[in-house]
Amino acid sequence: MEQKKQITVTSPLLPPLEEFIPYLQQIWDSKWITNNGHWHQQLEKALCEYLGVEYISVFTNGTLPLITALQALRIQGEVITTPYSFVATTHSIWWNDIRPVFADIDPRTGNLDPDRIEAAITPRTSAIMPVHVYGNPCDTERIQAIADKYGLKVIYDAAHAFGVRSNGESILKAGDISTLSFHATKTYNTIEGGALICHDAETKQRIDYLKNFGFADEVTIIGPGINAKMDEVRAAYGVLNLKHVDAAIEARRSVVRRYREALREVEGITFFDDMPGVRHNYSYFPIFVDAEKYGIARDELYARMKSRNVLGRRYFYPLISTLETYKGLPSAAPENLPVATRMAEQVICLPLHHALTEEDVKRTIEIIQDKR
Ligand SMILES: *Cc1c(COP(=O)(O)O)cnc(C)c1O
């Protein structure tokens, strides 16, 4: 049988090479290739404008800003977080020798359920690390109210939420710190990259020191920093790619519209709709397969897609709380996390990127519609 073209779950948004050459030429001419150069500064400025935030610090990936945020806020003890995320969320807590405490999620958004956060607070709790999963905004108001009531810091892992706005405001303004990932697989990429958003100049200064070994000047080292700087080549790539990201989001949006139209009538398949007042970035399109109603189990559908060269991803499965490192924690017990456990067993993220064709989307939909 003829093997059809492979449809991947994601595809990196690459700026046209001919547009990138002049940027490279400029960097080669200047011979300044890293250490807070022209493009690093330009990228921070451009991102502040695009995202509608005041203070941003660019990083070499999306995991180091999480680790650095916990350091900068001197978080210790316990941090309440979601098991329904990419592993980097919990790993960043673990790497700081802090105990992650898992709380269950809200089935309507996939995000931490504020009631469950409050129930998980102990005298050792010092922060909350929620994730705007799939770019769906968390209930930031209720989370802030809980944080204020108990004197906790809030660090949002906003890796999926590039450019997401709620009622016209960037959701990156919530909490004490938010972090972004610019990894190749994300809606906006700098190949590898990330950023940290904070809300005052003093914190930004501290973050900038910490991401550069703690150097304040040639002879002053303010503390045990790390090397998490972004180089000039990727910063320039980032400035250029920012000009293309809106078109990419628009293309993603029309794919999502087609998926929703076609799949709404399929019994046993559910998905998220746009949230009221939210400008989404369409970073993922998860569907949830109810094996009983749909008649086919999630893993069977996943395998059928794969056999026809359509690659979905079971994001987020397995649940972080089931991994060897974390499964012994009391909060990792499946009875504590029924909603997250069910979602992880039902989810498949469908192919979603700017370069999908009508034909690609049609082929993906037909596999899901065809239950024979
Ligand atoms: C991608 C991702 C990260 C890590 O980002 P990297 O840039 O790959 O280090 C962190 N958290 C979440 C939720 C992610 O999806």
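The values are calculated or read from the model by the stated rules, or taken from the named source; none is laboratory data. These numbers were taken from a predicted model, which means no experiment stands behind them. As a convention, Cβ positions derive from the backbone with ideal geometry for all residues, glycine included, and neighbour counts pool all protein chains shown. Side chains are part of the model used for accessible areas, which takes the heavy atoms of the whole protein and leaves out ligands, DNA and RNA. Shrake-Rupley method; radii C 1.70, N 1.55, O 1.52, S 1.80 Å.
Please work out the FRET efficiency for the pair E292 and R264, using the Cβ-Cβ distance as r and a Förster radius of 30 Å; give the result to the nearest 0.05. Walk me through the numbers before you get to the answer.
On the way: r = 19 Å, r/R0 = 0.63.
Efficiency for this residue pair is about 0.95.
Can you tell me what percent of all Cα-Cα pairs in region 231-372 are more than 23 Å apart? Could you put the intermediate results ahead of the total?
Working: 4642 of 10011 pairs.
Every Cα pair in region 231-372 considered, those over 23 Å come to 46 percent.
So what are the radius of gyration and Dmax for the Cα set of region 78-175, in Å?
12.4, 37
Please compute the modelled spin-label separation between E141 and A119, points set 7 Å along Cα→Cβ, answer in nm with one decimal.
2.3
Write down, largest first, the equivalent ellipsoid semi-axes of region 10-61 in whole Å, where each equals the square root of 5 times an eigenvalue of the alpha-carbon gyration tensor. Display every interim value, and only then the final one.
Working: eigenvalues 86, 61, 22 Å².
Semi-axes (√(5λ), whole Å): 21, 17, 11.
Using the heavy atoms of the protein chains and a 1.4 angstrom probe, tell me the accessible area per residue for the chain in square angstrom.
Working: 16940 Å² over 372 residues.
Ligands and nucleic acids excluded, the figure is 46 Å² per residue.
Give the value in nm², to one decimal: projected area of the alpha carbon convex hull of region 33-76, averaged over all directions. All intermediate terms of the calculation are to be shown ahead of the outcome.
Values: hull surface 15.1 nm².
That works out to 3.8 nm².
Could you check the simple spin-label distance between A201 and E54, using points 7 Å along Cα→Cβ, in nm with one decimal?
Simple spin-label model gives 1.0 nm for this pair.
Taking the Cα centre of the chain as origin, sum charge times position over the Cβ atoms of Lys and Arg (+1) and Asp and Glu (-1), and report the length of that vector in debye to the nearest 20.
On the way: 41 positive and 47 negative charges, 140 e Å.
It works out to roughly 680 debye.
Roughly how compact is region 265-345, stated as its Cα Rg over 2.2 N^0.38 Å to two decimals? Can you show the working numbers first?
Numbers: Rg = 15.1 Å, N = 81, 2.2 N^0.38 = 11.7 Å.
Normalised Cα radius of gyration, region 265-345: 1.29.
Return an integer: the convex hull volume of the alpha-carbon atoms of the chain, in Å³ per residue. Intermediate values should be presented prior to the final figure.
Working: hull volume 54.1 nm³, N = 372.
For the chain, the hull spanned by Cα atoms encloses 145 Å³ per residue.
With all protein chains present, how much of the accessible area of the chain (probe radius 1.4 Å) comes from carbon and sulfur, to the nearest whole percent? Before the final figure, lay out each step's value.
Working: 8760 of 16940 Å².
C and S atoms contribute 52 percent here.
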